[in-house]
Amino acid sequence: MAEGITIYINPKCSKCRLSLELLENNNVSANVVEYLTSPPDKTQLSEILELLDLEPRELMRTFEEPYKTLNLDNENLSRDALIQAMIENPILIERPIVINGDKATIGRPPDRILDIL
């Protein structure tokens, strides 16, 4: 992962906007990635999952339409297949994700970000 703080956001998401505001209020500069238009690649997403100590399905927004239409609840799907589904359908990725060096968190609630600053 890159040096410094990176935040993966959807600008339409209220929790993402609150997380950005929280960083700004704490004078923290971050590399902002709008992941819907610039999704992480397989290596990046695998590193994010490792930092978060999550399996792919745990990082998925299971109520989003692609989760249902692609039958991603199928327990026989491999880790790689789930990661590929998130790359191809980034709306599935939970947000915001904040990475600070070797620490990461999902900003839900946004105050969780403070734990890794």
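The values are calculated or read from the model by the stated rules, or taken from the named source; none is laboratory data. This one's a predicted model, so the numbers in the text were calculated from it and none came from an experiment. Positions of Cβ are generated from backbone atoms using ideal geometry, with glycine treated the same way; all protein chains shown enter the neighbour counts.
For the reader, a short list of remarks on this structure follows.
- Enumeration of residues in segment 24-51 that are closer than 18 Å to ASP115 by Cβ and exposed (fewer than 12 other Cβ atoms within 10 Å of the Cβ): GLU24, ASN25, ASN26, ASN27
- Segment 52-97 - residue that is among the polar types (S, T, N, Q) and touching a helix residue (DSSP H, G or I) at 6+ places or on another chain (Cβ under 8 Å) and, of those, nearest to ILE113 (Cα to Cα): ASN89
- Sub-7 Å Cβ pairs linking a first residue in segment 90-117 that is of a type in the set (Ser, Thr, Tyr) to a second residue that is surrounded by 21 or more Cβ atoms within 10 Å (Cβ to Cβ) and part of a helix (DSSP H, G or I), at least 6 apart or interchain, are THR105/ILE113, ordered by first then second residue.
- Applying the set (1) part of a loop (DSSP other than H, G, I, E, B); (2) hydrophobic (A, V, I, L, M, F, W, C); (3) at pLDDT 95 or above; (4) in contact with a strand residue (DSSP E or B) (Cβ under 6 Å, 6 or more places away or on another chain) to LEU23 leaves exactly one unmet item: (1).
- Enumeration of residues in segment 52-82 that are under 17 Å from the mean Cα position of the chain (by Cα) and part of a loop (DSSP other than H, G, I, E, B): ASP53, LEU54, GLU55, ARG61, THR62, PHE63, GLU64
- The set of residues in segment 83-117 that are in a loop (DSSP other than H, G, I, E, B) and surrounded by 11 or more Cβ atoms within 10 Å (Cβ to Cβ) comprises ASN89, GLU94, ARG95, PRO96, GLY101, GLY107, ARG108, PRO109, LEU117.
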